[in-house]
1. Give me the Kirkwood hydrodynamic radius of region 47-130 in Å, from all C-alpha pairs, to one decimal place?
2. Using each residue's phi in region 213-222, evaluate 6.51 cos²θ - 1.76 cosθ + 1.60 at θ = phi - 60° and report the 3J(HN,Hα) Karplus result to the nearest Hz, with x for Gly and Pro.
3. Describe numerically, in nm with one decimal, the distance between label points set 7 Å from Cα along Cα→Cβ at Glu157 and at Leu145.
4. For Asn48 and Thr97, FRET efficiency with R0 = 22 Å and r from the beta-carbon atoms, rounded to 0.05?
5. Can you list the residues, at least 5 places off or on another chain, whose amide H is less than 5 Å from the amide H of Gly199, using H built in the peptide plane?
6. Students often forget the sequence filter, so: which aspartates and glutamates lie under 12 Å Cα-Cα from Lys217 once same-chain residues fewer than 8 apart are removed?
7. For the chain, take the longest principal axis of its alpha carbons; what is the angle in degrees between that and the long axis of helix 2-26, to the nearest 10 within 0 to 90?
8. If you average the C-alpha positions of region 105-182 and of region 183-211 separately, how far apart do those two centres end up, in angstrom?
Amino acid sequence: MKKLIMSVILSLSVLITAVSCAEAKASVKLSAEKLNITAGSKKVLKLNGTNKKVSFKITSGKKFISIKRKTNNSVKITALKKGAAKVKATLGKKSYTCVVTVKAKASSTIKLKVNGKSFKAKLNNSSASKKLKSMLPMTINMSELNGNEKYHYFDTEFSGSEKTFSAIHAGDLMIFGGNCLVLFYDDIKNSPYEYIKLGSLTSTKGLKSALGNKSVKVEFKK
């Protein structure tokens, strides 16, 4: 009877050990088997369930991503440009693969048209710039001021950090007073006013003559 009990206990012990090992192995997995990431951004890939040093390697698409070790069991992936890549994590004899899809960075360029003349403006990544872009397309009447700028007041507010600029350049797009869009067509030094900068025109050739010295309609579109 004693031998039977010992045999049962031993069998249960082996079974529990086997189940525990199986669960431990099953819990070791990548934080993601597929990653979608935008060019220029970064994400962490981790092999969960272990604190041991894991070997990470880009097996394909090296021109689209780069990796840098963060901890023993994780790396930071940097998206370089649009494309697809694979990252393999190896722990002992077991390996795990993550497919990384890099998407192109959203365009930060908008188009302006005034009196038949077209221009392009490159916006920054501020919340105010994103809001302006979300409002496009639109055609607005911009009033003349000071012989160097056109402006238009919106009924909506733009959030952002306002500051003074030691130099404002022709082609700069700004928000003044939280809701006034300003397009400068001439340079200004040491303006006492505070603005939220949205971006600048990529070229100001013909801008001044196209805007003229009176109120003018300006078309904005993506």
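Here, each number is a calculation from the coordinates, and none is a lab measurement. The model shown is predicted, which means the values in this text are computed figures rather than measured ones. In this analysis, Cβ positions are derived from the backbone assuming ideal geometry, glycine residues included, and neighbour counts consider all displayed protein chains.
1. For region 47-130, inverting the mean 1/r across all distinct Cα pairs yields 15.8 Å.
2. Taking θ as phi minus 60°, the curve returns 10, 10, 4, 8, 8, 10, 9, 10, 8, 6 Hz for region 213-222.
3. 1.9 nm
4. Taking R0 as 22 Å, the efficiency between Thr97 and Asn48 is 0.90.
5. Asn124, Leu173
6. Glu144
7. 20 degrees
8. Region 105-182 and region 183-211 have Cα centres separated by 9 Å.
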